[in-house]
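J.: Quick one: the structure is below, and I'll ask about it shortly.
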Amino acid sequence: MTIAITPLEQWIRRKADIAPGLQGSSFVKALLDYQLDHLNETIEYARHNSAFYRRHLAACTTAPLSNLSDIVQLPFTAASDLARDPFHFLAVRQDDVARIVTLRTSGSTSQPKRFFFSDDDLELTIDFFHHGMSTIVRPGQKVAVLLPSEQPDSVGDLLIRGLRRRDATALAYGPVRDPLQAMREVSSFRADCLVGIPTQVLSMARSPLGPIGKGCIESVLLSTDYVPQAIVRSLEEVWGCRVFNHYGMTEMGLGGGVECEALEGYHLREGDLYFEVIDHGTGARCPDGVIGEVAFTTLTRRAMPLIRYRTGDIGRIISEPCPCGSVLRRMGRVRGRWDGVVRLGPEFTLTLADMDEVLFLLPDVLDYRATLAEIGDGRFRLDIDVHRAKGGSTTVRKILGMLHEIDTIQKAIANGNLEAPFVCFSAEGRWTTNGVSKRRIVYAP
Ligand SMILES: [Zn+2]
């Protein structure tokens, strides 16, 4: 099967006004020139219109930058800056704000973050969704949107408006609260494509008596949280479908990048965003291929421009060219967040992603909660509360067996830093998977 080139390349070519004749390295050079122009414009615009950047960039004498690599001379913007005073970031009159999104970090008492978008900003997102989805959905197909879509300009609503431009029909279902009921609705709608949150879509695929058989669902797009490969493989197996990953966060204007048919990392929304990967500890720029923290700068946003915003996500730029033949850069699949990396004593670190890749291999695990407690003398206890499909046969022994396959867990136990994990199954009905917040290892109080 030939792999179609990402539609983002043509889309970015038009946006950046790059002549059709410019190919390969000439295309890349023209795109970098476009990004440098828009970066300099953004710096100037933010300095003049946002109280935060007027102060934050006051000492910066290097702008306008003569090269994109000079961006390293600009200070980062942290999530805590946003939480402290979001209105200081506002670069338009309040009358020109079309949508405000408030984000609360689950399980934390920190200040909520607020994001402002103008009508033009929202249009940029709809346009990205329209073109990004064209790699996944053909005109005339039906898409069940399992993301919040009730509110005007919510992520689901913007996606549905983008899909309309693709001549696709959408079902605004919303997050999955009852997998069986979701399966029935999706089935009677005759969806060709599902867009949803990884564990919620998995719970549909693994629901007993699910009415959708192999071959009915052509494609799935997973979004909102990082995507465990074990979930991707499971959906491919159950439905015989292609599973695409989307990367984005509210800060990016919801959309950041999407995989092409090669399914090997996201092509990025490079006409609207400039991405960097930086060392999580030092902030220095990482070479391509090296894992670090994703940071980005908005190139076209009006209401709330962000410059070198640190996302906290673990990512890397893929240095090899994409099998689809595009010259656009790709980012490897994000594997969670830096603040989701927990320490088991001085030597060992563990992430939820490590556990996902083994626990979701078990065919009736729908989701689980991992809670870590420090029990003194540098020792930790890990509790795993598993949500198992109704009638599932996975045992505590099987789960422990899988957990012991994780090198870090094995070594931390052998070293005396970690007790043998405690596993239990949550009582039916007690489990809620309807949230849209990102999953993480929870620290016991
Ligand atoms: Zn590609």
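J.: With a cap of 13 neighbouring Cβ atoms within 10 Å, and only residues DSSP puts in a loop, list the GluC sites (Glu not before Pro) found in the range 290-357.
T.: Hits after loop and neighbour filter: 347.
J.: Per DSSP H run of at least 4 residues, take -39500 (n - 2.57); add these up for the chain, divide by its residues and hand me the 222 nm value, nearest 500 deg cm²/dmol.
T.: -8500 deg cm²/dmol
J.: Within a Cβ distance under 12 Å of residue 151, other residues only, what is the Lys/Arg minus Asp/Glu net charge?
T.: -2
J.: Any lysines with Cα under 23 Å of the residue 398 Cα? List them, leaving off those in the same chain fewer than 8 positions away.
T.: Leaving aside lysines fewer than 8 places away in the same chain, those within reach of residue 398 are 390, 411.
J.: Note down the nm distance, to one decimal, between modelled labels 7 Å out along Cα→Cβ at residue 188 and at residue 327.
T.: Taking the simple label geometry, residue 188 and residue 327 are separated by 5.2 nm.
J.: Given Cα positions, please report Rg to Rh for the chain, the hydrodynamic radius being the Kirkwood one.
T.: When Rh is taken as the Kirkwood radius, the ratio is 0.97.
Rule-based calculations on the coordinates, nothing more; no lab input. All of these numbers come straight from a predicted model, not from anything done at the bench. All Cβ positions, even for glycine, are placed from backbone atoms using ideal geometry, and neighbour counts span all protein chains on display.
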